[in-house]
Amino acid sequence: MEPSQHRTKRWLLPAGGGITLVILLAGCVGVPTAGEKRARLDRQAVERTYRPGGQRPTLPTLGTNSPLSEFLLFAVLNQPQVEAAYFDWAASVERITRERSLPDPRLTFQSDISDVVMSLMPGLMMDFPGPGKLKWAANVASAESQARYFAFESSVLQSAFALKKAYYQLHFLDAKVAVNNQTLDLVKDLERLARAQNEAGKVTLQDVLRAQIEQDRLATEITNLEDSRNPLLAQFKAALGLTPEQLAPPVPRQFESTPLDLTAERLFETALTRNPRVKAMEAEVQRAEASLRLAFKARVPDSAIGLEADAKASPVIYTPQIGITLPIWRDKIAAQIADAQAGRRAAEARLTAEQIMLAVDFAEKSFMFREASRNLSLLQNQLLPKANQALQIARSGYAAGTVDFINFIDAERTLLSFQLSEVEARVQRELALAELSLLILGVPPAGAPVLRQPVVSQNVPES
């Protein structure tokens, strides 16, 4: 008896149909989900600025007269950490396609062999996940992609802040050096005055020595400040994404403050709606919700459909095959659902924690700005004018012999202290403004390759 006679049911199809089916399947593409379409459009929008034509963008030519905005754009486009975050996001977009796609079909082979080959049955088997499983797997990947995007945006903002921080510190270092040089010139004049008083027999040589000690102290302080420029330049170079082998960048000559009006109403609400850290946590909540829906789909069986052809039979006989999984392990399914539920609660808690931390950061940086502004006003409008006046009175009194050297040098040190405090208040104010604008409010620099456009407002201008 022929082996084919043992089969209870046969489908007869035209010879070569299986080969045709394989060829057709080889050219198949899946149906993109709505989340995948949005993610690909978003990536294309960023790519036009960040990787036009798949190539690095043309970087601005930097010079000492270049505005700060060009340095910020250079840093964002050239920073390796931004590049790494971008390609992490790009990879996550591709994972959406992978997750929503059907499994690859399987070619099978079966043969009945006695003394000779009695049947030769190649076949094709296709697995079909249960209804909704691919959709929610794609939704999980889409939410992960959104989180990756906001990590990329955070990297852009952090790069801009690192550049601004080094930029402000370099400018205020110059201010400190200038203040100390002015004070050194003042002390040199003081020494000449002390020598004249000593030669006239009005004071002892001790006043001259004290003036020389003060000069030596200031000269050493200036040397230390000038030496501290090297690590700051290294930070500035690193913020621009330049390697150690590349030439040191120029430092902008013109100082530019961060424009931001902290008196604007609902400024914190703006931070909650655009801060990339919060947005990333919101995407994590969406991912956890999609993971939970996917876990519930574990109860739904998967199926498989296949077709075998007996090439030894004449005519060729085709045998269909159908399989279905049996989700019988209820404890495993319950564990999957419980796992996803716990993940969702954890994501929601992390979002709440991030919102709380954002509120704390906003309050702290706003206080630092107000404190620095008050100190700056006090120093510029009251303390520095009075300290200058006190120094002039002490100088006249010392020349007239009515003020001793200790009071004279104390007046000089008080003025120097106030001048340095004024510089410190300015740098604290600028750093607080930069951090509020970039890291808390999430306002990107002009031209930065991010999706969300900056809010066009007098209250929240671009960085």
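For the chain, the equivalent ellipsoid derived from the Cα gyration tensor has semi-axes of 76, 23, 18 Å, listed largest first.
Share of Cα-Cα pairs in region 177-295 beyond 23 Å, in percent?
Values: 4772 of 7021 pairs.
In whole percent, the long-distance tail amounts to 68.
Projecting label points 7 angstrom from Cα along Cα→Cβ for Phe367 and Arg192 puts them 4.9 nm apart. Treating each Cα of region 58-198 as one equal point scatterer and applying the Debye formula with no solvent, the log10 of I(q)/I(0) at q = 0.09 Å⁻¹ comes out as -0.63.
To the nearest 0.05, what FRET efficiency results for Lys386 and Met357 with a Förster distance of 35 Å applied to their C-beta separation? Intermediate values should be presented prior to the final figure.
Numbers: r = 42 Å, r/R0 = 1.19.
It comes out at approximately 0.25.
Under the simplified labelling scheme, the Glu226-Leu120 pair shows an inter-label distance of 9.0 nm, with each label point 7 Å from Cα along Cα→Cβ.
With the convex hull drawn over the C-alpha atoms of region 315-386, the volume per residue is 149 Å³. Shown in residue order for region 408-424 are the 3J(HN,Hα) couplings computed by the Karplus curve 6.51 cos²θ - 1.76 cosθ + 1.60 at θ = phi - 60°: 5, 5, 5, 5, 5, 5, 5, 4, 4, 4, 5, 5, 5, 5, 5, 5, 5 Hz (x for Gly and Pro). Using a probe of 1.4 angstrom and keeping all protein chains present, the accessible surface of region 120-183 works out to 32 square angstrom per residue. Taking a probe of 1.4 angstrom, what is the accessible area of Ile356 in Å², to the nearest 10? Approximately 100 Å² for this residue.
Give me the net charge for the shell around Ala353: Cβ to Cβ below 14 angstrom, other residues only, Lys and Arg +1, Asp and Glu -1.
Values: positive: Arg277, Arg345, Arg350; negative: Glu282, Glu284, Glu348, Glu354, Asp361.
Computed value for this residue: -2.
Computing the accessible area with a 1.4 Å probe over protein heavy atoms, can you report the carbon and sulfur percentage for the chain? Write out the running numbers ahead of the final one.
Details: 13900 of 24820 Å².
Reported share for carbon and sulfur atoms: 56 percent.
Principal axis analysis of the Cα atoms in region 267-315 yields extents of 80, 22, 11 Å, listed in decreasing size. Can you give me the long-range amide H partners of Thr108? Hydrogens built in the peptide plane at 1.01 Å from N, cutoff under 5 Å, separation of 5 or more residues or another chain. Counting only residues 5 or more places away or on other chains, the set is Gly123, Leu124, Met125. In this structure the amide hydrogen of Ser119, modeled in the peptide plane, comes within under 5 Å of the amide hydrogens of Asp112, none closer than 5 places in sequence on its chain.
Computed 3J(HN,Hα) for region 331-343, one whole-Hz value per residue from the Karplus formula 6.51 cos²θ - 1.76 cosθ + 1.60 where θ = phi - 60°, is 5, 5, 5, 4, 5, 4, 5, 5, 4, 5, 5, 5, x, glycine and proline marked x. The calculated FRET efficiency for the pair Glu94 and Ser421, based on their C-beta separation and a Förster distance of 56 Å, comes to about 0.55. Using a probe of 1.4 Å on the protein chains alone, the accessible area found for Asp185 is around 90 Å².
Calculated mean residue ellipticity, 222 nm, the chain: -22000 deg cm²/dmol, from DSSP H runs (n ≥ 4) at -39500 (n - 2.57) each, averaged per residue and rounded to 500. Within 10 Å of each candidate Cβ there may be at most 10 other Cβ atoms; applying that plus a DSSP loop requirement, which GluC sites (Glu not before Pro) in region 223-315 survive? Here the sparse-neighbourhood loop sites are Glu245, Glu265. For region 119-127, putting each phi into the Karplus relation 6.51 cos²θ - 1.76 cosθ + 1.60 with θ = phi - 60° gives couplings of 8, 9, 10, x, x, 9, 10, 10, 9 Hz, in residue order, rounded to whole numbers and with x for Gly and Pro.
With each label modelled as a point 7 angstrom along the Cα→C-beta vector, the Thr414-Asn65 pair spans 4.5 nm. Multiplying each eigenvalue of the alpha-carbon gyration tensor of region 335-459 by 5 and taking the square root yields semi-axes of 53, 18, 10 Å, largest first, rounded to whole angstroms. Cα centroids of region 153-227 and region 382-403: 20 Å apart.
Mean sequence separation of contacting Cα pairs (under 8 Å, at least six apart), scaled by the length of region 38-189, corresponds to a relative contact order of 25 percent. Here the extension length gained between Trp329 and Arg217 equals 32.4 nm, from 0.36 nm per residue of separation less the Cα-Cα distance. Measuring nothing but how far apart in sequence close Cα pairs (under 8 Å, 6+ apart) lie, relative to its length, region 196-353 scores a relative contact order of 18 percent.
Are there any trypsin sites (Lys or Arg not before Pro) in region 178-245 that are in a DSSP loop and have at most 15 other Cβ atoms within 10 Å? List them by number. Please report the intermediate quantities before stating the final value.
Working: sites: Lys188, Arg192, Arg195, Lys202, Arg210, Arg217, Arg229, Lys237; in loops: Lys202.
Of the trypsin sites (Lys or Arg not before Pro), the ones in loops of region 178-245 whose Cβ has at most 15 other Cβ atoms within 10 Å are Lys202.
The values are calculated or read from the model by the stated rules, or taken from the named source; none is laboratory data. All figures in this text were calculated on a predicted structure; none of them were measured in a lab. Using ideal geometry, Cβ is built from the backbone for each residue, glycine included, and neighbour counts are taken over all protein chains shown. All accessible areas refer to the heavy atoms of the entire protein, side chains included, with ligands and DNA or RNA removed. Shrake-Rupley method; radii C 1.70, N 1.55, O 1.52, S 1.80 Å.
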